[in-house]
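Student: Structure incoming, see below.
Computed from the coordinates by the stated procedures, all read-outs in this text should not be read as laboratory data. Note that the structure is a prediction, hence the values are computed from the model and not measured. When we count neighbours, we look across all protein chains shown, and the Cβ atoms used for this are built from the backbone with ideal geometry, even at glycine.
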Amino acid sequence: MENLKDYIKGVIESLPPESLVSHVEFRDQVTLVVRQVSLLEVLKILKDDFGYKYLIDVTAVDRYEDDPRFEVVYHLWCHERNCLLRVKTWASQGEPPTIPSVVGLWNTANWHERECFDMFGIVFEGHPDLRRILLWEGFDGHPLRKDYPVEGR
Amino acid sequence: MAESLVFIIVSLIKSVVLVSLIMVSVMIGVYLERRILGFIQLRYGPNRCGPYGILQSVADGIKLFCKQDITLPVTEKTIYILAPLIAGVTALFPFVAIPFADKIAPDTITLFGKVFDLTKYSLNRGVIADLPGGVLFILAVSSLSVYGVLLAGWSSDNKYSFLGAMRVASQMLSYELFLGISIMGVLMITGSIRMTEIVEAQKHMWFVVYQPLGFILYMIAGFAEACRTPFDLIECENELGSGFNTEYSSMKFALFYLAEYIHIITISAIAVTLFLGGWQGPWLPSGIWFIIKVACLFIFFIWVRGTYPRVRFDQLMSVGWKYLFPIAMANLIATGICVLFL
Amino acid sequence: MRKEIIKLNVGPQHPSTHGVLRLLVELEGEVVVSCDPDIGYLHRGIEKLMENRTYHRSIPLTERVDYLAGAANSLGYVLAVERLLGISEIPERARYIRVIVAELTRIASHLFWLATHGHDLGAMTPLFYALRDREIIMDFFETWAGKRLFPNMFRVGGVARDFPDGLEQEIKKFALELPQRMRDYETLLTKNPIWINRTKGVGVLTKEEVLDYGLSGPMARGSGLNFDIRRVDPYLGYDEFEFVVPLGENGDTYDRYLIRLEEMRQSCNIILQAVDRLPKGDIMIEDYQVAFPPKDKVINGEYLIPHYLLVVKGFKAPKGEIFHHTEAPKGELGFYIVSDGSEHPYRVKIRTPSFVNLQVISKLAKGRLLSDLIALIGTIDIVLADVDR
Amino acid sequence: MGIEESGGILVTTLEKVVNWARKYSVWPLTFGLACCAIEMICTAASRFDIARFGMEAYRPSPRQADMMIVAGTVTKKMLPAVLRLYEQMPDPKWVMVMGSCATCGGIFRSYAVVQGIDKYLPVDVYVPGCPPPPDALLYGITKIHEKIMQDKWLTKKYEHIKFPKKVEG
């Protein structure tokens, strides 16, 4: 456990300082909060230099009435050291919220990002095929937003 | 004049009896298949409908007969309607030349004070028409049934049916060929292509002993011809929905269903005639022996269905052309040499 | 020669799409040119529903995410909530019961996979043999929980009901017998030349592709990636059990088939160890702020009030976010729970294995035959509720 | 018989025979939606063996099916496909709803789920449960059998229905 913490400390130190907003630790899980402009850069460093080759998940959280409203969360896994890292950033303000796509780094992000677009309406710039995935074309609204009623409109 | 009348009447009687026998055996066959599959798969199978569920096929038949018949607004309506008829009727054709029993009537009968010789045209034998070229006839008409399936798949205006039809066309083309070659050995040994003579030539020994390879090849080709597992590619429900008969309902579907089972019986009957001694056998009447042998082969078909997975389309083709066809040719040449020099 | 592309719509009602998957396939002859999965036909909005429920009331919802392995899903959720609450220790007996049930679920799920995968490739009989053995597991669940598919017995802080008398021995007997029964499937499939021809060399994945597509479970291990969360990030004390993580070499359908068979044997192994070590004792922690008091004591006011409050209002979780993953039968099942300090989770994201694994099908199917496409759906081992949530 | 005055012995016998045949030859559509489909498959498997009633002939094509078992959650995205399948089935056809999701939406009261398929399809038998065990499904099937046997498809009178008169021109 201590080794892992040192490793993650090393990770944080080697990232460009202006990219990192803060880092939080909760129940042994580390969250790196990064600026949106340097998201791709940080993820690429993590993937290439620190062995975080497995993107578990991409998802978003709707912080309703906050600004910027949408957090986008990436979960990474390092197969060599068996450790988890959470990278978090914000989608840009305004409607629709936008964020750069990471499909260039991992193919698996494709469907995750489509799902985020479907559920939250976040536009991933540079995504090869951004359309609704779970709901049908023509569905009104984005259901996982907090201002969307559970039973639909 | 009177002679041809007798000929027509006797042939008609034989045909009617045979067709009804086949229909009944198809019904029993469907029931048997469901029960035997149940036995293989550790369950009962149909057992509620009548004693031991033997009326199951009757119920299915009546139900299909009383179902709404959906005729789709397809482009080629005539062909769409004709296709199941073609499939159902052509499946019966080969039985014309298959001898199913030895003598079933005396050599002569006296009608209205006139003596008719029934040995002419083999009218007293258990075969509808003892054709001089019986084997050729069977080979020719058994491939006709592909038209029913092909036309059905093509005229349904459904992509799944179409794919099924394309599959059946190529499958039949490649397997018809070495089905023919695999039985040539038998013909060489007999020196005749008349079915009754082939049966009689097996009086002392079944041809399966002389031609084991030929028999195995024939059965493989037969499975492909009858489109049964492991070669049931044309209607494999896991890939093509229901294959060529996707768009057919009620009686039209029933005809396809019927044709499929008639086809199995035909393949089995030909195998029995050519390799397993036909109607010959001790103690029991000849017709009974024929039925027993055909039933055994039919059960073998079911057994294989319960055991094997399905081959892939391209594998079916490559196995047919790359392995089975050369083996059949080699078998033919070897038989030829043996017949010539021994 | 003029070539024509057939656009084929496989599903949503199709016998081998394992539910309501729809594949838009473009065929050239029988060769798949492109394959575009259209999912969402079973999207039920479970994540949204969970945001509006208390933590306990979400457990039945999570079981219906992957309905072939219901208990494995609720286990993942319960463990995530426990980690969020900071509960690190649960009674030993409850822990072993969870292990036994999780492994039984894995066997049940793999048996069902075997049944449908075999049936997709035209082998009818393995379906019936595999389901016969699965029925026995369903019986265990029915004896224990009164429900076949979804026992719904895991709670935050333990399990809701103890094993009835004698069930352990029955489970042990089953775990001893199953490897022998599995020889039936082996004789029917493993060495069958048709089966080998249908599965060998189909859907080959390299290690790099596995990482790129984020695959997990047997899909990853089939390509030789040693990634079993029970090993690399142990939960429920899996590190104290002895078991082998089977790895494949070629990364094709046949390897994944063998791996799943071997996993069933290893699960039997784990079950045997767990049954042997199963201690007597409590099955629930005694912190009645989050855990239900024992049912027979609820008549007493001392227990009744916390029980009532727990059922009606639920418990408050500390503010924070947690990601907890478990090794579900189909791969990595992750629960990402964001809590804002109230009784309801602020956001739950279920990272389901099928959703991620299914993505690779368009890559694998390209250039293969239509029949291979069916084999591929089977080998990925999807459950549509798991894909769509 | 008995209650209806019309229809001789021939007609009623025919009706009975056909009903008997239909009863024992209900071919279900291969159509599973969600969790309940698993229990439906279990019903077809060795222990419960739906084949005893002649029902193991699951038809993948709706054109040949007699009964549709709506087994599982019907989502709004799936609904058009379900309705299309029902329309493709030839008459006479029966619909069995399996599980609480298809009956009323069940625990999934959300934006994506149809709250009860009976708003869209004429349902014959509801089988409750989440999911219903195979025994419950078999009980539902016996109920379908009863319903089929009581079907007066030949001797039924439509006198109580006032058809509008055809207006010329």
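Student: Per DSSP H run of at least 4 residues, take -39500 (n - 2.57); add these up for chain B, divide by its residues and hand me the 222 nm value, nearest 500 deg cm²/dmol.
Tutor: Values: 14 runs with 213 residues, N = 342.
After summing the helix terms and dividing by residue count, I get -20500 deg cm²/dmol.
Student: So how do C:VAL356, A:VAL34, D:VAL125, C:VAL298 line up by other beta-carbon neighbours within 10 Å, fewest first?
Tutor: So the ranking, lowest neighbour count to highest, is C:VAL298, D:VAL125, A:VAL34, C:VAL356.
Student: Turning to a different aspect of this structure: At q = 0.05, 0.07, 0.09 Å⁻¹, what is the log10 ratio I(q)/I(0) for the protein assembly as shown, with the Debye formula run over Cα points and no solvent?
Tutor: -0.37, -0.69, -1.05
Student: With a ≥ b ≥ c the root eigenvalues of the C-alpha gyration tensor of chain D, is it rounded (a/c under 1.5), prolate (a/b larger than b/c) or oblate? Each step should come with its number before you reach the end.
Tutor: Values: a/c = 2.20, a/b = 1.37, b/c = 1.60.
Oblate, because a/c is 1.5 or more while a/b does not exceed b/c.
Student: How large is ³J(HN,Hα) for each residue in region C:337-345, as worked out from phi by the Karplus curve 6.51 cos²θ - 1.76 cosθ + 1.60 (θ = phi - 60°), to whole Hz, x for Gly and Pro?
Tutor: After applying 6.51 cos²θ - 1.76 cosθ + 1.60, I find 10, 9, 10, 10, x, 9, 6, 9, x Hz.
Student: Something else about it: What number, rounded to the nearest 500 deg cm²/dmol, is the helix-based mean residue ellipticity at 222 nm of chain C, given -39500 (n - 2.57) per DSSP H run of at least four residues and division by all its residues?
Tutor: Counting only the DSSP helices, I get -14000 deg cm²/dmol.
Student: I would also like to ask the following. Going by how many other Cβ atoms sit within 10 Å of their own, how do C:GLU92, B:GLU260, C:GLU135, A:GLU137 line up, fewest first?
Tutor: The fewest-first ordering by Cβ neighbours comes to A:GLU137, C:GLU92, C:GLU135, B:GLU260.
Student: Among C:ASN197, B:LEU255, B:ILE40, which residue has its Cα positioned farthest towards the positive end of the charge dipole of the protein assembly as shown, with +1 placed on the Cβ of Lys and Arg, -1 on the Cβ of Asp and Glu, and the dipole taken about the Cα centre?
Tutor: B:LEU255
Student: Among the GluC sites (Glu not before Pro) in region C:238-347, which ones are in a DSSP loop with at most 12 other Cβ atoms within 10 Å of the Cβ? Mind listing them?
Tutor: Taking region C:238-347 and a limit of 12 other Cβ atoms within 10 Å, the loop GluC sites (Glu not before Pro) found are C:GLU242, C:GLU249, C:GLU286.
Student: In addition: When the helix-only estimate is applied to chain A (DSSP H runs of n ≥ 4, each -39,500 (n - 2.57), divided by the residue count), what is the mean residue ellipticity at 222 nm, nearest 500 deg cm²/dmol?
Tutor: -7500 deg cm²/dmol
Student: Among C:41-48, B:331-338, B:186-193, how do they line up by average Cβ neighbours within 10 Å per residue, starting with the highest?
Tutor: Going from most to least packed, we get C:41-48, B:186-193, B:331-338.
Student: Report the calculated FRET efficiency for B:THR71 and D:ILE9 (r = Cβ-Cβ distance, R0 = 22 Å), to the nearest 0.05.
Tutor: E(calc), rounded to 0.05, equals 0.05.
Student: Take peptide D:103-110, look around each residue's Cβ out to 10 angstrom, count Cβ atoms belonging to other protein chains, and average those counts.
Tutor: Numbers: counts 0, 0, 2, 2, 8, 6, 7, 13.
Averaged over the peptide's residues, the number is 5.
Student: Shifting gears a bit: Evaluate the relative contact order of region C:1-95 (contact order divided by residue number), counting alpha-carbon pairs under 8 angstrom at least 6 apart; express in whole percent.
Tutor: Relative contact order, region C:1-95: 14 percent.
Student: For the charge dipole of the protein assembly as shown, defined by +1 on Lys and Arg C-beta atoms and -1 on Asp and Glu C-beta atoms about the Cα centroid, which residue among B:MET184, B:TYR323, D:PRO128 has the Cα displaced farthest towards the positive pole?
Tutor: Most positive-ward Cα: B:MET184.
Student: Taking the highest mean first, how do the peptides D:151-163, B:304-316 order by number of other beta carbon atoms within 10 angstrom per residue? Mind dumping the intermediate values first?
Tutor: Values: D:151-163: 10.1, B:304-316: 20.8.
Highest mean packing first, the order is B:304-316, D:151-163.
Student: I would also like to ask the following. Mind listing which trypsin sites (Lys or Arg not before Pro) in region D:109-150 are in a DSSP loop and have 16 or fewer other Cβ atoms within 10 Å?
Tutor: On the way: sites: D:ARG109, D:LYS119, D:LYS143, D:LYS147; in loops: D:ARG109.
In loop regions of region D:109-150 (DSSP not H, G, I, E or B), the sparsely surrounded trypsin sites (Lys or Arg not before Pro) are D:ARG109.
Student: Checking the cross-link filter: which lysines have an alpha carbon closer than 23 Å to that of B:LYS67, excluding same-chain neighbours under 8 positions apart?
Tutor: B:LYS77, B:LYS252, D:LYS16, D:LYS23, D:LYS93, D:LYS143, D:LYS147, D:LYS152, D:LYS156, D:LYS157
Student: Using DSSP to define loop residues, name the chymotrypsin sites (Phe, Trp or Tyr not before Pro) in region B:51-147 whose beta-carbon has at most 13 other beta-carbon atoms within 10 Å.
Tutor: Passing both the DSSP loop test and the Cβ count: B:PHE112.
Student: Debye calculation, C-alpha points only, no solvent: report log10 I(q)/I(0) for region A:4-99 at q = 0.14, 0.20, 0.24 Å⁻¹, in the same order as the q values.
Tutor: Taken in order of the listed q values, log10 I(q)/I(0) reads -0.50, -0.98, -1.35.
Student: Please list 3J(HN,Hα) in residue order for region C:3-16, calculated via the Karplus relation 6.51 cos²θ - 1.76 cosθ + 1.60 where θ = phi - 60°; whole Hz, with x for glycine and proline.
Tutor: 9, 10, 8, 8, 9, 10, 10, 8, x, x, 9, 8, x, 10
Student: Still on this structure: For a quick check: with amide H placed at 1.01 Å from N, whose amide H comes under 5 Å from C:ARG22's, ignoring anything fewer than 5 positions away on the same chain?
Tutor: Under 5 Å from the amide H of C:ARG22: C:ASP38.
Student: Step through the residues of region C:317-334 one at a time and calculate ³J(HN,Hα) from phi using the Karplus curve (6.51 cos²θ - 1.76 cosθ + 1.60, θ = phi - 60°), rounding each to whole Hz and writing x for Gly and Pro.
Tutor: After applying 6.51 cos²θ - 1.76 cosθ + 1.60, I find 9, x, 5, x, 9, 9, 10, 10, 10, 10, 8, 6, x, 9, x, 7, 10, x Hz.
Student: State whether region A:77-120 is rounded, prolate or oblate according to the following rule on the C-alpha gyration tensor (a ≥ b ≥ c being the square roots of its eigenvalues): a/c under 1.5 gives rounded; otherwise a/b larger than b/c gives prolate, and the remaining case gives oblate. Mind showing how you got there, number by number?
Tutor: Values: a/c = 2.63, a/b = 1.84, b/c = 1.43.
It comes out prolate by the Cα gyration axes.
Student: Determine, from the Cβ-Cβ distance of A:ARG131 and C:LYS313 and an R0 of 45 Å, the FRET efficiency 1/(1 + (r/R0)^6), rounded to the nearest 0.05.
Tutor: 0.65
Student: Test of understanding: ordering D:VAL127, C:VAL20 by Cβ neighbours within 10 Å, fewest first, what list do you get?
Tutor: The fewest-first ordering by Cβ neighbours comes to D:VAL127, C:VAL20.
Student: Among rounded, prolate and oblate, which fits region B:71-341 when a ≥ b ≥ c are the square roots of the eigenvalues of its C-alpha gyration tensor, a/c under 1.5 means rounded, and a/b larger than b/c means prolate?
Tutor: Cα axes put region B:71-341 in the oblate bin.
Student: Rounded to the nearest 20 Debye, what is the dipole magnitude of chain B about its Cα centre when Lys and Arg each give +1 and Asp and Glu each give -1 at the C-beta? Can you show the working numbers first?
Tutor: On the way: 23 positive and 21 negative charges, 116 e Å.
Approximately 560 debye in magnitude.
Student: Can you pull the mean other chain C-beta count within 10 Å for peptide B:5-16?
Tutor: Mean shielding count: 0.
Student: Now, a different point. Amide H of B:ILE109 versus every other amide H placed in the peptide plane: which residues, excluding those fewer than 5 positions away on the same chain, fall under 5 Å?
Tutor: Those lying under 5 Å, H to H, from B:ILE109 are B:PHE116, B:LEU118.
Student: Taking every residue in D:81-93, how many Cβ atoms of other protein chains lie within 10 Å of its Cβ, on average? Present the calculation step by step, with values, prior to reporting the outcome.
Tutor: On the way: counts 6, 3, 0, 1, 2, 0, 0, 4, 4, 7, 6, 4, 2.
Rounded to a whole number, the mean comes out at 3.
Student: Something else now. With both partners inside the protein assembly as shown, how many of the DSSP beta bridges are antiparallel, as a percent to the nearest 5? Provide the component values of the computation, followed by the final result.
Tutor: Working: 60 of 77 bridges.
That works out to approximately 80 percent antiparallel.
Student: For the protein assembly as shown, give the magnitude of the charge dipole about the Cα centre (Cβ charges: +1 Lys/Arg, -1 Asp/Glu; no others), in debye to the nearest 20.
Tutor: 2300 debye
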